[in-house]
Amino acid sequence: MIAKVMGADVSGLDAHLVEVEVDLGSGLPMFSGVGLPDATVKESRDRVRAALKNTGFQFPLKRITINLAPADIKKEGAGFDLPMAVGLLVADGAIDGDRLRDYVLVGAMNPCPCGFLGDSQRPCRCTPVEIRRYRSRVSGPLLDRIDMHVDVPAVSTHEVAQPADAEPSAAVRTRVVKTRQIQAERYARERVYCNAQLKPRHVRTYCEITKNIREMIERAIDKLGLSARAFSRVLKVARTIAYLEGKADIELQHAAEAIQYRNLDRRLVA
């Protein structure tokens, strides 16, 4: 059986999608990797074997061939260990390949070249042109596909030293697990598992909003320069916020909060 899992190779500031194809065949057990892997990638067998063993899975005792495509890009580092391991489990039938669609991508960047834009203590030295040029390194189509852009301000030493006054992680986890269960039950017939996976037809069915909310979102799109694709992202995030609050319907405050998570879509004022 063959399984395909997406990975990525990073070279400097450039990133390339890499398709990790895992084939399990008959014959003497062996592990072969092709597709211009470097020495670290070639050594992944022992790391993957140990990882599977320590997470309760069996390493397939079969003829394993792993192809990293495209073949004309050199693959470096241990970043392919995870997609290789997942591919092995899918090819061996240990996990359901459909579940692989449910993943989270988390990234971070400075707000500007100097890193102090919006800082209350240190002034930003960058011009609007420099900031636009810096942010343009992340393309608009890529930003459209990221559900939430969250501004994380710097924390002072005084704030770090203060006792934490926040909701316990256990309580947050309970709420998140309950929300995921709601989504799994509601979308059981749709072959999707969470709001992030909703397609346009699903959004129209499960993310219904009132006329007032639609008009508010449309005004935000015009004023902040949001794209049409971002409109769908806003609705899906608003749907999640409503579930987290235990609400069946998307309300105005849910949509307004979701719009606040589109910081990097907004036009820079010169």
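Taking the square root of 5 times each eigenvalue of the Cα gyration tensor, what semi-axes in Å does the equivalent ellipsoid of the range 24-175 have, largest first?
After diagonalising the Cα gyration tensor, the semi-axes are 41, 23, 15 Å.
Would you mind calculating the relative contact order of the range 62-209 from Cα pairs under 8 angstrom and at least 6 residues apart, reporting the percent as a whole number? Kindly include the intermediate steps, with their values, before the conclusion.
Working: 47 pairs, mean separation 20.8, N = 148.
Reported relative contact order: 14 percent.
Taking the Cβ-Cβ separation of PHE231 and LEU142 as r and a Förster radius of 22 Å, what is the calculated FRET efficiency to the nearest 0.05?
Using R0 = 22 Å, I get an efficiency of 0.80.
In percent, how large is the relative contact order of the chain, given Cα pairs closer than 8 Å and 6 or more residues apart?
16
In a Gaussian network model over the chain where Cα atoms closer than 10 Å are linked, find which of LYS247, LYS211, LYS75 has the largest mean-square fluctuation.
The residue with the greatest mean-square fluctuation here is LYS211.
In whole Å, largest first, what are the principal axis extents of the Cα atoms in the chain?
Cα spread of the chain along its principal axes, largest to smallest: 64, 48, 42 Å.
In the structure displayed, which of LYS62/LYS178; LYS75/LYS236; LYS4/LYS62 lie more than 29 Å apart, Cα to Cα?
Check vs 29 Å cut-off fails for LYS62/LYS178; LYS75/LYS236.
Which value in nm describes the separation of the simple spin-label points at PHE57 and LEU105, placed 7 Å from the Cα toward the beta carbon?
My value for the distance between the label points is 2.2 nm.
Explain nothing, just the number: relative contact order of the range 2-101, from Cα pairs under 8 Å at least 6 residues apart, as a whole percent.
38
Take peptides 36-47, 160-171, 249-260, 145-156 and line them up by average Cβ neighbours within 10 Å, highest first, as a rough protection proxy.
Details: 36-47: 15.0, 160-171: 7.8, 249-260: 18.2, 145-156: 12.0.
The most tightly packed comes first, giving 249-260, 36-47, 145-156, 160-171.
Please compute the length gained on full extension between ASN212 and HIS149, using 0.36 nm multiplied by the number of residues separating them and subtracting their Cα-Cα distance.
Working: separation 63, 0.36 × 63 = 22.68 nm, distance 2.43 nm.
Taking 0.36 nm per residue and subtracting the Cα distance, the gain is 20.2 nm.
Work out, step by step, the length gained on full extension between ALA15 and THR127: first 0.36 nm times the residue separation, then minus their alpha carbon distance; give nm to one decimal.
Contour length minus the Cα-Cα distance gives 37.6 nm.
Have a look at LEU24, THR65, ASN54 and report the one farthest towards the positive end of the charge dipole of the range 2-101, computed about the Cα centre with Cβ charges (Lys/Arg +1, Asp/Glu -1).
It is ASN54, whose Cα lies furthest towards the positive end.
No lab work stands behind these numbers, since they all come straight from the coordinates. All of these numbers come straight from a predicted model, not from anything done at the bench. With ideal geometry, Cβ positions are generated from the backbone for all residues, glycine too; neighbour counts draw on all protein chains shown.
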